[in-house]
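A short worksheet on the structure shown next.
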Amino acid sequence: MAKKEKAPRDKFEMNKGNRKVGYAVAVLVNAVMIWVADSITSWGIPFITDSFTAVQWAFNLSFLAAIIGNLLLILHDPKWFHGFVRLVMNSFGFVVALTVFFIFPFDFSAYTSFNWAGLAKILLVIGLVGSAIGIVVEALSLILRKDLREAKE
C-alpha cells in the first residue's frame, strides 16, 4: 500500500514556495531602498532637509535587517522563525519611525495650504503605534506557541 502524504496543517505550510519568492522580492526591494535612502538628499526634493543624513543610519539598518531576515527565511522558514524575524523587523521599523519623529528631517514651510508637518507627525505616531502593536503581538505569539512549549518538555 502506498504511503499517504501528510496534508499541510495550515495555509502557512501550503504557501511555502510563494513565501520564498516573496522573501526574494523583499530582499531586492530592500536593497533598492538602501540606495534610495543613501541618494535621496541629492535629488533636490524641496521638503527633505540636510538633516535627513542624521536618520539615514536608521533606514539603512532597518533595510539591512530586512534583507538578512528575508535571506534567513529563504533558508529556514518554520512558522515560529517567521514570527521571530517579523518581531525583529518590527523593532527596527519602530526605531526608524522614532528616529524620524525626533529628528524630523522635513521642512514643509513652503506648502502653507495644509499642515503637512502635522500630518507627517501623525502618520509617524500611527507607524510607531502599529510597530509597537506588531512587536507585542509577535512576542506574545512566540511566547504562547504550543509547539515550542511542547518541544522544551
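The values are calculated or read from the model by the stated rules, or taken from the named source; none is laboratory data. Predicted, not measured: the structure shown is a model, and the values here were computed from it. No Cβ is skipped: glycine too gets one built from the backbone with ideal geometry, and neighbour counts run over all protein chains shown.
One line per residue, one yes/no per condition, for (1) closer than 23 Å to Val136 by Cβ; (2) at pLDDT 95 or above; (3) of a type in the set (Gly, Ala, Ser):
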{"position": "Glu5", "(1), (2), (3)": "no, no, no"}
{"position": "Val25", "(1), (2), (3)": "no, yes, no"}
{"position": "Met33", "(1), (2), (3)": "no, yes, no"}
{"position": "Phe92", "(1), (2), (3)": "yes, yes, no"}
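As an exercise: evaluate Lys121 against (1) basic (Lys, Arg); (2) at pLDDT 95 or above; (3) loosely packed, with under 15 Cβ neighbours inside 10 Å and give the number of the one condition it does not meet. If we test Lys121 against (1) basic (Lys, Arg); (2) at pLDDT 95 or above; (3) loosely packed, with under 15 Cβ neighbours inside 10 Å, just (3) comes out false.
A single member of Ala117, Ala110 is farther than 24 Å from Leu28 by Cβ and in contact with a strand residue (DSSP E or B) (Cβ under 9 Å, 6 or more places away or on another chain), and it is Ala117.
Here's the yes/no breakdown for (1) touching a residue at least 40 places away in the same chain (Cβ under 8 Å); (2) aromatic (Phe, Trp, Tyr); (3) buried (at least 17 other Cβ atoms within 10 Å of the Cβ); (4) in contact with a Leu (Cβ under 7 Å, 6 or more places away or on another chain):
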{"site": "Ser91", "(1), (2), (3), (4)": "yes, no, yes, no"}
{"site": "Val96", "(1), (2), (3), (4)": "yes, no, yes, no"}
{"site": "Phe102", "(1), (2), (3), (4)": "no, yes, no, no"}
{"site": "Ser109", "(1), (2), (3), (4)": "no, no, no, no"}
{"site": "Ile126", "(1), (2), (3), (4)": "no, no, no, no"}
{"site": "Ala132", "(1), (2), (3), (4)": "no, no, no, no"}
{"site": "Arg145", "(1), (2), (3), (4)": "yes, no, no, no"}
